[in-house]
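Engineer: Here it is: the structure, laid out below.
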Amino acid sequence: MNLRSNDMSVSPFLQSIHEFVEDKKLLDKSGPVIVGVSGGADSIALLHVLKSLGYSCIVCHCNFNLRGEESLRDRNFTRQIAFEWNLPFEEISFDASCYAMTNNVSVEMACRQLRYDWFEEKRKQYRAQAIAVAHHRDDSVETLLLNLIRGTGIAGLTSMKPRNGFVVRPLLTVSRKDIESYLSEHGVSYVVDCTNLESVYIRNKIRLQVLPLLRSINPSVDHSIYSSILNLREVESVYKAAIHEQEQNVLEYKDEYIYIPVEKLKQLPSPKAFLFEFLTPYGFVSEQITEIISSCGGISGKVFLSRNYRIVKDREYLILESQEREEAGTVVEKIESLEECGTLLHGNLLYRCLDNDETYCFSRDKSYACFDLDKLVFPLIIRRWETGDRFTPFGMRGSRKLSDYFRDKKYSLIDKANALLLCSGNTIIWILGERAADGYRVTADTKRIIEFKYKKIVK
């Protein structure tokens, strides 16, 4: 559909949405569009607009079984609309209350997760270009106020984006009042969700109580807030570019860890803002980030946890790593017997057994270790270190706490967590890739030698 601003047959409402979709590159005619339709005014208007603009629409309806007969009414109405407009209809029924209880989330969050997961399944099934949802300008204003109440960064102040991955919001440029006028002009009916008129949910309280109060102060408050959102989006683009540049200059990537040098962090214009933007995608919240900043001037050892990651304060660094690691003392591999040669630790530890003769040459490389095979007690155990471990380093008398050895060698907390020990029975005989113990050394009386070569494991 080729729309022109001077085409008198095209309503300003439809024209504004067409221009918005074109400007933000939300949709094209390359493939179908999944349209989330509840049966309410917003989603019915979205479906009518996209169909009028010539997009191929698949109507997708979710029944969350929260409103009894009213939920069934919405489903039947939406199905009838799809039939009358000759559009494909897909539906699904969820037990949203059960999902919320099982996953310890609010009912609102449960509906959101279930809805978008299913929409994505349908997008893949139909090879659709996008998932269109009916959020409009008023929703964007309400979201800003909701985010302010909960506490937010600059991303929360920019409210809803026109595009989030495959999810697009073509109606963000129009208001609820505009939508109702459009439907009335075209004689399009819709259903009303009675829960939208109840002040149970926070969003409803904002819509029914807070915004009317603000409008009594400034009748144009909706437009003013939305204009501020647009301005903040421009600011956000500059802000994110600056944060990205700081990430390039500050962060150090080593294996699977991300190191944040404390001194470089302190030199940034706003260390807290930098950490907030960098760490929130890893699940850390604002209160934790304040504590992390405070820890920078303290001693090593402080640990901060999100659901899947942790930050460790270690000397001059903050270190970010995944929590998917073995606990202290965890047995990584148990060796009941050995062949003449072979591999352990999924190929990272090589060994060979050989006779002790004048042709054998000892390597000084720390990745190698050799022992008197006849002195070893089976099974051999490869495990993580734990508090209280002691061993006798090669060339020394008497045992040492492994923690003292690590401290003297300036092991970071991450290095210690990754350390692997080879044990003969209950005795530590080698810190893999570091130092062997003295009691199992090869001597002139040794008849059989076992030699190991360790390739450091990088997860």
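Engineer: State all residues of the stretch 302-319 that are in contact with a helix residue (DSSP H, G or I) (Cβ under 7 Å, 6 or more places away or on another chain) and either assigned to a strand (DSSP E or B) or open to solvent by less than 40 Å² (accessible area, probe 1.4 Å) (or both); if no residue qualifies, say none.
Structural biologist: F304, S306, Y309, I311, V312, K313, D314, Y317, L318, I319, listed by residue number.
Engineer: When you check Q246 against the structure, is it assigned to a helix (DSSP H, G or I) and open to solvent by 60 Å² or more (accessible area, probe 1.4 Å), yes or no?
Structural biologist: When the stated conditions are applied, Q246 does not pass them.
Engineer: Now a separate question. In this structure, is L47 part of a loop (DSSP other than H, G, I, E, B) and within 32 Å of the chain's Cα centre (by Cα)?
Structural biologist: Spelling it out, it is not the case that L47 is part of a loop (DSSP other than H, G, I, E, B) and within 32 Å of the chain's Cα centre (by Cα).
Per-residue answers, yes or no, for (1) more than 18 Å from R441 (Cβ to Cβ); (2) within 41 Å of the chain's Cα centre (by Cα); (3) open to solvent by less than 50 Å² (accessible area, probe 1.4 Å):
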| position | (1), (2), (3) |
| --- | --- |
| L338 | yes, no, yes |
| G347 | yes, yes, yes |
| C370 | no, no, yes |
| K375 | no, no, no |
| W385 | yes, yes, yes |
| M396 | no, no, no |
| L402 | yes, yes, yes |
| F406 | yes, yes, yes |
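Engineer: Here's something else I'd like to know. Would you confirm, using the coordinates I've provided, whether D365 is touching a helix residue (DSSP H, G or I) at 6+ places or on another chain (Cβ under 9 Å), open to solvent by 60 Å² or more (accessible area, probe 1.4 Å) and either farther than 30 Å from I299 by Cα or among the acidic types (D, E) (or both)?
Structural biologist: No.
Engineer: Is it true that I260 is among the aliphatic types (A, V, I, L, M) and part of a strand (DSSP E or B)?
Structural biologist: The answer is yes for I260.
Engineer: Answer yes or no: is there a residue in the stretch 270-285 that is at pLDDT 90 or above, surrounded by fewer than 17 Cβ atoms within 10 Å (Cβ to Cβ) and within 21 Å of the chain's Cα centre (by Cα).
Structural biologist: Yes; the residues of the stretch 270-285 include at least one that is at pLDDT 90 or above, surrounded by fewer than 17 Cβ atoms within 10 Å (Cβ to Cβ) and within 21 Å of the chain's Cα centre (by Cα).
Engineer: So, K266, is that one open to solvent by 30 Å² or more (accessible area, probe 1.4 Å) and out of contact with any helix residue (DSSP H, G or I) (no Cβ under 9 Å at 6 or more places or on another chain) or not?
Structural biologist: It is true that K266 is open to solvent by 30 Å² or more (accessible area, probe 1.4 Å) and out of contact with any helix residue (DSSP H, G or I) (no Cβ under 9 Å at 6 or more places or on another chain).
Engineer: Is it the case that S16 is surrounded by 14 or more Cβ atoms within 10 Å (Cβ to Cβ), under 19 Å from D178 (Cβ atoms) and either modelled with pLDDT of 95 or more or out of contact with any strand residue (DSSP E or B) (no Cβ under 7 Å at 6 or more places or on another chain) (or both)?
Structural biologist: Criteria met by S16.
Engineer: Still on this structure: Among the residues of the stretch 220-231, are any in a helix (DSSP H, G or I) and within 24 Å of the chain's Cα centre (by Cα)?
Structural biologist: No, the conditions are met nowhere in the stretch 220-231.
Engineer: Being closer than 20 Å to T280 by Cβ and of a type outside the set (D, E), is that true of even one residue in the stretch 321-336?
Structural biologist: Checked the stretch 321-336: at least one residue is closer than 20 Å to T280 by Cβ and of a type outside the set (D, E).
Engineer: If you scan the stretch 266-285, which residues turn out to be within 15 Å of A242 (Cβ to Cβ) and part of a helix (DSSP H, G or I)?
Structural biologist: P271, K272, A273, F274, L275, F276, E277, F278
Engineer: Does the stretch 351-362 hold any residues that are open to solvent by 40 Å² or more (accessible area, probe 1.4 Å) and hydroxyl-bearing (S, T, Y), and which are they?
Structural biologist: Residue satisfying the conditions is T359 alone.
Engineer: Name every residue in the stretch 249-263 that is closer than 16 Å to R315 by Cβ, touching a residue at least 24 places away in the same chain (Cβ under 8 Å) and open to solvent by 60 Å² or more (accessible area, probe 1.4 Å), in order of residue number.
Structural biologist: Passing the criteria: only E263.
Engineer: Can you find a residue in the stretch 6-23 that is closer than 25 Å to P162 by Cα and part of a loop (DSSP other than H, G, I, E, B)?
Structural biologist: So far as the stretch 6-23 goes, yes, one or more of its residues are closer than 25 Å to P162 by Cα and part of a loop (DSSP other than H, G, I, E, B).
Engineer: Please specify each residue of the stretch 138-185 satisfying the condition of being open to solvent by less than 50 Å² (accessible area, probe 1.4 Å) and charged (D, E, K, R).
Structural biologist: D138, D139, E142, R169
Engineer: Now a separate question. Check off (1) surrounded by 12 or more Cβ atoms within 10 Å (Cβ to Cβ); (2) of a type outside the set (K, R); (3) assigned to a helix (DSSP H, G or I) for Q209 and give me the number that stays unchecked.
Structural biologist: Exception for Q209: condition (1).
The values are calculated or read from the model by the stated rules, or taken from the named source; none is laboratory data. Quantities reported herein were computed from a predicted structural model and do not represent experimental measurements. As a convention, Cβ positions derive from the backbone with ideal geometry for all residues, glycine included, and neighbour counts pool all protein chains shown. Just so you know, the surface numbers come from the protein's heavy atoms only, side chains and all, with ligands and any DNA or RNA stripped out. Shrake-Rupley method; radii C 1.70, N 1.55, O 1.52, S 1.80 Å.
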